[in-house]
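Below is one structure, written out as structure tokens; the observations come after it.
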Amino acid sequence: MDESKILEILVKLGYISKEKALEAQREKRKDEDIVSTLLRLGYIDDVKIIDFYQKYMPSRLWRGTIDEVNIPQDVKEKLPEDFLRKHAIAPIKYDDGKLLVLTINPFNQTAINELRFKTKINTIVPYVSTRKSIEDILNKLYPTVDRIVEGFELEEVEIETEELDLSPEILAAEPGEGPIVKLANFLIAEAVNLGASDIHIEPQEKKLTVRYRVDGVLKVYHDFPARVKDPLVARVKILSNLDIAEKRRPQDGRIRTRVRGKKIDLRVSTVPTVYGEKVVMRIQEAERYLNVRLEDLGFEPDDLEKFKRAIWTPWGMILVTGPTGSGKTTTLYAALMERNSPDVNIMTVEDPVEVSIPGLNQVQINEKIGVTFANVLRAFLRQDPDIILIGEIRDLETAEIGIRAALTGHLVFSTLHTNDAPSSITRLVDMGIEPFLVGSSVILIAAQRLVRKLCPRCKRVDDTPREALLRLGALKSLDEDVTIYKANPKGCDYCNGSGYKGRTAVYEILEVDEEMRKLIVKGVTAEDIKDLARKKGMRTLYEAGMLKVRKGITSVAEVERVLAK
């Protein structure tokens, strides 16, 4: 149906006068359909549109709600937002190659054909709704910055600015738009409230994606138009005292802030990608480290006893191993807090210092001016320390000084990136440390991972056959009276729809006793060390994970995801 026919029917049914129909034809803009023109001129409104279509073609009238809108992400990425907003078209459902859309004018075949060409979706079925409903759906699918930060108070996030170099040049370059300043604060507050550990701000070809890592799993929370990319990244760089003019090199910075009274440190890293700078902010909550106790981390009672016995030993080396983000820092800080008292001199060398803790002497690495792990450790040995924390053993020199400190009456804590506890011994030997020095200095190794805890409000009984659970190690025998739980795939409001709430650590504790020491000195393999440790009662990470499954803390699927059998 052409536009003149629509106007003729509207005049005939008494919705507009003939004069207004002629006026609309004269005032119609290029690429604008006649119904949009009538709405813009105020000659009709949403009520008249619905009334008209209800009488004229009721089968095309959409009677659904905004909650029913369901567009898969891959289809959403094909749909051009600017085109949809320009022509007031809102997608509502995609099923088996067919796209259902809402429009104020289902006869606007030109726009439908153009959308078909742009998306390569051949079957597009138009339904009718009001302009407001269409705008609401588009705002849900493509949230604007203003809409996202609506109702958010800027004061909820207090940025500590005393360390910032807010020179006139910096202030001149700062994005002048209020919404961008508000958006940066909003993203920090939202991530902290969700309990996220990281914020990822990622530029794509046609948009900016914001993802949060919550309970160890990354998930997309926002997609913004590409125009937001540069001002948002510039705002974050200003807050973290980075060079906003330098966009070709990676940079590292820090933001100190308070979110609703909680002291939060953000470690900021930028890297240049093909579509612009990607920013990752690691969230550190200072108070959480100050209040953390070893009993709350996830140790099994027997493992906790071993670990406590080691940290109260007067000298030796304790290693905590695992990949990035496995909770090593939390375990080490909890151990230091246990020993933190006025009669103990604790010195740490870290890169970077994660959280400032009263009572500890913490040194930040700065390789540009020669403040390296090895140099600082040499200085520490002249500072009369009782306990030394080495953030990470990265090279032979650092390892040698740490072991020498452990052998000369100091208790040394450090971390290594290894898959399990036994392979940490062979890693040190591979670095070039003599096996007899490793055997003489290392007293305990704790390998760890983090697994998500099942949501206590919506977890379900696992209906996997008991024979399969027995094979996986979740059950010890078929007739055992143990209930195994799994996550609710739909989740609930309490767990934000994930089925999991919070995380706990699983540990593999390797104690180095006299028999183990003799084996290490012989220069044996990690497998030999593991066999002896298992005979002495060491649980592997997988076994420790399954123990938490048996206690109803986590699920078999989560242990399988995080840990190798």
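The Cβ shell under 15 Å around T270 holds other residues with a net charge of +3, Lys and Arg each +1, Asp and Glu each -1.
Averaging the sequence gap over all C-alpha pairs within less than 8 Å and six or more residues apart, then dividing by the number of residues, gives the range 263-307 a relative contact order of 32 percent.
Hey, what did the chain get for relative contact order, percent, Cα under 8 Å, at least 6 apart?
Numbers: 944 pairs, mean separation 48.8, N = 565.
Relative contact order here is 9 percent.
If you plug the beta carbon distance of D481 and T123 into 1/(1 + (r/R0)^6) with R0 = 51 Å, you get a FRET efficiency near 0.35.
What do you get for Rg/Rh of the range 1-132 when both radii come from the Cα atoms and Rh is the Kirkwood radius?
Numbers: Rg = 15.1 Å, Rh = 15.5 Å.
We get a ratio of 0.97 for the range 1-132.
When the chymotrypsin sites (Phe, Trp or Tyr not before Pro) in the range 295-333 are filtered for DSSP coil states and for at most 15 other beta-carbon atoms within 10 Å of their beta-carbon, the remaining sites are W312. Paramagnetic label reach from N375 (point 7 Å along Cα→Cβ; backbone nitrogen cut-off under 18 Å): within the range 402-424, residues 402. Against the chain, whose longest principal axis comes from its Cα atoms, helix 178-194 is set at around 50 degrees. Using only alpha-carbon positions in the range 407-565, the gyration tensor eigenvalues give semi-axes of 37, 18, 11 Å once each is multiplied by 5 and square-rooted (largest first). Segment R404..E81, full-extension length gain: 110.0 nm, with 0.36 nm per residue of separation and the alpha-carbon distance subtracted.
How large a share of the accessible area of the chain, in percent, is made up of carbon and sulfur atoms when the probe is 1.4 Å and the other protein chains stay in place?
Numbers: 13300 of 27490 Å².
Looking at the chain in its full context, I get 48 percent from C and S.
Between Q73 and V461, the C-beta separation translates, for a Förster distance of 25 Å, into a calculated FRET efficiency of about 0.20.
Based on DSSP H segments of at least four residues, each scored -39500 (n - 2.57), the chain has a per-residue ellipticity at 222 nm of -11000 deg cm²/dmol.
May I ask you to give the solvent-accessible area per residue for the chain, in square angstrom, as obtained with a 1.4 angstrom probe?
Details: 27490 Å² over 565 residues.
Heavy-atom SASA per residue in the chain reads 49 Å².
Helix 46-56 axis versus longest C-alpha principal axis of the chain: approximately 70°, rounded to the nearest ten.
More than 18 angstrom separation, counting every C-alpha pair in the range 1-58; what % is that? Working shown, then result.
Values: 403 of 1653 pairs.
For the range 1-58, the fraction of Cα-Cα distances above 18 Å is 24 percent.
Counted over the chain, the DSSP beta bridges are approximately 65% antiparallel.
Helix 3-12 axis versus longest C-alpha principal axis of the chain: approximately 60°, rounded to the nearest ten. Each Lys or Arg adds one and each Asp or Glu subtracts one; over the other residues with Cβ under 13 Å from the Cβ of E400, this totals 0. In plain terms, the chain from K535 to D136 could stretch by 137.2 nm, reckoned as 0.36 nm per residue minus the Cα-Cα distance. With N the number of residues in the range 321-410, Rg(Cα) / (2.2 N^0.38 Å) evaluates to 1.04. Rounded to the nearest 0.05, the FRET efficiency derived from the C-beta distance between E560 and K18 at R0 = 56 Å is 0.20.
Go through K98/K207; K182/K453; K182/K368; K12/K76 and tell me which ones have a Cα-Cα distance over 31 Å in this structure.
Values: K98/K207 25 Å; K182/K453 33 Å; K182/K368 35 Å; K12/K76 39 Å.
Cα-Cα > 31 Å for K182/K453; K182/K368; K12/K76; rest within.
Could you list log10 I(q)/I(0) for the range 204-358 at q = 0.17 Å⁻¹, which the Debye formula gives when each Cα is one point scatterer? The computed values of log10 I(q)/I(0) come out as -1.10. The value obtained for the range 374-468, namely the Cα convex hull volume divided by the number of residues, is 160 Å³ per residue.
The values are calculated or read from the model by the stated rules, or taken from the named source; none is laboratory data. Note that this is a predicted model, so its numbers are computed, not measured. Quick reminder, even Gly has a Cβ in these numbers, built from the backbone with ideal geometry, and neighbours come from all protein chains shown. Ligands, DNA and RNA are stripped out before the accessible areas are found, and what is left, the full protein with its side chains, is counted by its heavy atoms. Shrake-Rupley method; radii C 1.70, N 1.55, O 1.52, S 1.80 Å.
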